[in-house]
Amino acid sequence: MKKTLARGLMNLLPMALSLWLFWSLFVSLDGLGIFILALVGINQHFVGAGFILVVALVFAVGLLFSVSPIVWLYGWIERQLMRFPLFKSVYGSIRDIASLMNREGKTHTQQTVLVKQANGGYVVGFIMTDTPPQPLLDALPEGDWVPVLFQLSYQMAGVTSLVKRDDLILVDWSFEEAMRFNLTAGISQTPNSAKVNATKPV
């Protein structure tokens, strides 16, 4: 009986949590849309009207940002706001995360690597860029240094370390599959995950 309950929980819980998350998002966006409708004096609406309005507004904004004057105006406002240090730090971080998530039509340049630890073990990391900031390169000893992200399991946090390229083992493994492996501590794996290849950089 205990195994049966555990089996039911393991199969039902991910689906229930996913549906709850998407339902909560739908309710939140629908409430925002209804609030906007109320501001313009429209009180007669059906369930989901607010959600449709928010989606339509986001789509309209996407269309507007295909027009050069709007892009220039937004860029000018953004540059003015970026003069404030606190706003620059918060907004810059959120924008960079959004840019990382929006990878459609772009080459996936994040390289999966292995880094050997002092105890003889290895950790999975990701080369996020081949060009570290110049101030870091000026402060480091001579060598080919790259920033490597080590993603922590079951959270969005991670640790970025500067590692010499010669100390990295390149892994022929997609960024998405390797990231899923790290985030779930190795529990979530695709059938092809067992067939990855690793090579030392030359």
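Observations, loosely collected:
- Counted by Cβ distance under 14 Å from Pro147, the other residues give a net charge of -2, where Lys and Arg count +1 and Asp and Glu count -1.
- The chain: most fluctuating residue of Gln117, Gln155, Gln44 per GNM, C-alpha cutoff 10 Å: Gln44
- For segment 3-79: rounded, prolate or oblate by the Cα gyration tensor [a/c cutoff 1.5]: oblate
- For the chain, complete DSSP H runs whose alpha carbons reach 18 Å or more along their own long axis and whose mean Kyte-Doolittle score is 1.6 or higher are 49-64.
- Estimated Rh, segment 1-159: Kirkwood, alpha-carbon pairs, angstrom: 21.3
- Shape of segment 1-42 from the C-alpha gyration tensor: prolate (a/c of 1.5 or more and a/b above b/c, with a ≥ b ≥ c the square roots of its eigenvalues).
- Helical contribution to [θ] at 222 nm, DSSP H n ≥ 4, -39,500 (n - 2.57), averaged over the chain, rounded to 500: -16500 deg cm²/dmol
- Aspartates and glutamates whose Cα lies under 12 Å from that of Lys88, excluding same-chain neighbours fewer than 8 positions away: Glu78, Asp96
- Pairs of Cα atoms nearer than 8 Å and 6+ residues apart set the relative contact order; for the chain it is 12 percent.
Just so you know, all these numbers are worked out from the coordinates, no wet-lab data involved. The structure displayed is predicted, hence computed values, not measured ones. For neighbour counting, all protein chains shown are included, and Cβ atoms are generated from backbone atoms with ideal geometry for every residue, glycine included.
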